[in-house]
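What follows is a short report on a single structure.
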Amino acid sequence: MKKVTLYLGSNCNLNCTYCHRECGEEPKFDTNTLISLAEKLTKIAKRENLEIKFMGGEPLLYMGCISYIVKNVPAKKFTVSTNGTLLKEYRDFLESYKVYIILSYDGTDDTKDLRGYDPFTEVINYPYFGGVSCTLYKGNTNLKRIYRNFMEKEDLVGRTLPFYPHIMHTTNEKNTPYSLTYGDYCSIIHQEKKILEEFLRFFKATGKTLRVYAPLYNWLLKRYKANYEWGETYCVNKQNVKMDIFGREYTCHYMRDTKAKDLRKVMEESFSSCKKCKVYKMCGGACIKSKRHSLECMYYKELFTWFKSWYEENEEVLSKIPNLQVPAGSHNGKYRIYHLVQPFLHNKLKRVTFGKNFLNKDIATITVHNKYMSDIDLLVKLSNIPLGESALVTYNTESKKFNIIYGVKKYLQSIDKTPREYSRDAKEQF
């Protein structure tokens, strides 16, 4: 898969202070520019499978460009990395062309205050959801708290939120106050090691994966297998291209001051010590645009060295972990079955917990365990649940009957409630 990250422009309607993009003069283009760009991308798509990722600024501010490329380039996959502010406005178009979205959210208690917008305040019913980009910056390095906040958001939006924590890069004076310190990096490394140890321990004990930690493991495993050649970086290599709308290729789409063709020269002149580094094949030289490259280098070298040793020591067990990625359009991974933990019909509602059993890809049985009654099997037809939505299981203590409500979003909207009010603990995920 050839991945082209397409820089559309620097305009953004949030302008987060820790953002590492370098704003510049907005590109001025016309129809001929789009035609030329589409032709260049089409040539790539004809040679190999092509994935196009739209970036900004806020890419949905450049919807005209996105629309033209999506309609005219035969790429295998399109992705938009967005803050989510304009998602409702363009949702129908994006969904009709099966465009994946990656939302920005940093898992903080003050996200709305710092970013100006929180994308996770209501049920998200979008089938092509690629995950969440989570930035770690000074003051936001407590992974335990971040994971907890993400799980609370999952209850609120009614779906899985796989998120990918990544470090902030110090690229300009504006975001310097949020730069990670040496102590921050050491803390993050320590926490990530503990997370992966728990991930492994749980799999050994149960044969199951801790879903919430899977993205971190997948990211490190991907880096372990990257095998970068000298002169390549994580951002620009034989599989990844950074390009603007005029077809010009850069070493970084945030800092567009060096052409991609000069990358090897830059590495030789400024990062020659990377050539002998034992984790360069995983790292690719860290962020070559960071003004605190030495600290990033320390972080990656320490973390990747440890992961390489840890993975190889436990490879026999880890190799048994199934593919944790769930493609959009699949039933698996797209549904949640909630139980009601607050009564809205009767005050005597009892808590129940669920076990699950799949009969096939479209039907599951939910086994209800409760000390007040015998186990009861409920048949849940996954095909009845709108893709990306949920089902709600309720129990009426007077009639002693269970009820399954398909399509929770519409139901909760009808009574002016949110999933979090009724399902603080999501017990099962499908």
### Query
Leaving out ligands, DNA and RNA, what percent of the accessible area of segment 21-135 is carbon and sulfur, probe 1.4 Å?
44 percent
### Message
Report the Cα centroid-to-centroid distance between segment 263-284 and segment 219-255 in angstrom, as an integer.
### Response
13 Å
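So for Asp184, Asp257, what's the accessible-area order with a 1.4 Å probe, most first?
Putting Asp184, Asp257 in descending order of accessible area: Asp257, Asp184.
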## Note on the structure
Applied in sequence order to segment 314-320, the curve 6.51 cos²θ - 1.76 cosθ + 1.60 (Karplus, θ = phi - 60°) yields integer Hz couplings, x standing for Gly and Pro, of 10, 4, 4, 7, 5, 5, 8
### GluC sites (Glu not before Pro) lying in DSSP loop within segment 1-102, provided at most 11 other Cβ fall within 10 Å
Glu25, Glu48
### Message
I need the trypsin sites (Lys or Arg not before Pro) found in segment 119-208, filtered to DSSP loop residues with at most 11 other beta carbons within 10 Å of theirs.
### Response
Lys208
### Task
Treat each spin label as a single point 7 Å out from the Cα along the C-beta direction, and report the Glu269 to Asp30 distance in nm.
3.6 nm
## Note on the structure
Per the 1/(1 + (r/R0)^6) rule, R0 = 30 Å and r from the Cβ atoms of Glu152 and Trp219, FRET efficiency to 0.05 is 0.85
## Note on the structure
Per DSSP, the loop-located trypsin sites (Lys or Arg not before Pro) within segment 252-295 having at most 11 other beta carbons within 10 Å are Lys278
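The values are calculated or read from the model by the stated rules, or taken from the named source; none is laboratory data. Because the structure is predicted, anything quoted here is derived from the model rather than measured. So basically every Cβ, Gly included, is an ideal-geometry build from the backbone, and we count neighbours across all protein chains shown. Protein only, heavy atoms only, side chains kept; ligands, DNA and RNA dropped before computing areas. Shrake-Rupley method; radii C 1.70, N 1.55, O 1.52, S 1.80 Å.
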